[in-house]
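Okay, structure first, notes after.
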Amino acid sequence: MAPPVGVFNSPQQDASWTAASPGISRGLVPERATLDPLHHDAGHDPGRTASYELTRAAREVLLCADPPVALTGRAKTALTQARESSSELVHSDGTVVVRGGRDTSVRWWTWAGYRANATLAATLTTIADPLQRPTDTCIRLREDATPAEWRKVVSEAADQLCLPAVDARALNGLKFNAALPTRLAEATLAARIGDLDGAAAALRGPTRFTVLGQ
């Protein structure tokens, strides 16, 4: 399905918001709750993070790709409900930046996995919410972020990717940390918790800007 004119934007194009159906925002649960039904069905613990590949697979299912397994009636019902509640958070032609819903936050639904989203949050410091904890499916942007600002920041970010900062407690848990220089230990952990390839893939794609509840 071709996107409406002025809705999808590559980092090099002008960006603008479009309004979504008012009914979409009712009952919309933000962040990882959208992915939880699929995690539960797959035996995945919602307290754990998901990889780029797993999160992208969940996105494909929400875009109506049927899993290559037999589903029970209960699973089919849950899948239908998940697709309906997530209809404005996924699109076959790119990622989605959504303003509104249950709160006033702006979220970029990358569907790139936790490690890639942590990398994006560390990279997009001028537009990402500094107090957030990235999820598998999205990162939170500043509430005053504009599509024009987004275009500028994203166009510069691909060549300036940053790995996530490392928590001091994580350093203490690193095996043989006492034998490593602090900077080397930090670099080792940052490489483990970041995903430069997944972050770069999210930055390359077109983006749709949607305002819910209008």
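The values are calculated or read from the model by the stated rules, or taken from the named source; none is laboratory data. Please read all numbers here as calculations on a predicted model, not as lab measurements. All Cβ positions, glycine included, derive from the backbone under ideal geometry; neighbour counts span all protein chains shown. Keep in mind that these areas ignore ligands, DNA and RNA; they rest on the heavy atoms of the full protein, side chains included. Shrake-Rupley method; radii C 1.70, N 1.55, O 1.52, S 1.80 Å.
Some observations on this one:
- Residue check, ALA112 under 13 Å from the mean Cα position of the chain (by Cα), at pLDDT 80 or above and not hydroxyl-bearing (Ser, Thr, Tyr): yes
- Selection within segment 56-76: residues that are in a helix (DSSP H, G or I) and open to solvent by 90 Å² or more (accessible area, probe 1.4 Å). The member of this set that is modelled with the lowest pLDDT is LYS76.
- Across segment 110-141, the qualifying residues are those that are open to solvent by 10 Å² or more (accessible area, probe 1.4 Å) and touching a strand residue (DSSP E or B) at 6+ places or on another chain (Cβ under 7 Å), and the one among them that is nearest to GLU53 (Cα to Cα) is ALA121.
- The set of residues in segment 191-201 that are open to solvent by 10 Å² or more (accessible area, probe 1.4 Å) and either free of Cβ contacts under 8 Å to residues at least 40 places away in the same chain or closer than 19 Å to ARG140 by Cβ (or both) comprises ALA191, ARG192, ILE193, ASP195.
- In this structure, THR137 qualifies as within 28 Å of GLY194 (Cβ to Cβ), in contact with a Leu (Cβ under 9 Å, 6 or more places away or on another chain) and among the hydroxyl-bearing types (Ser, Thr, Tyr).
- Members of segment 72-91 found to be without any contact (Cβ under 8 Å) to a residue 24 or more places away in the chain and among the hydroxyl-bearing types (Ser, Thr, Tyr), listed by number: THR72, THR77, THR80
- For segment 71-123, a tally of residues being farther than 30 Å from ASP159 by Cα and aliphatic (A, V, I, L, M) returns 5.
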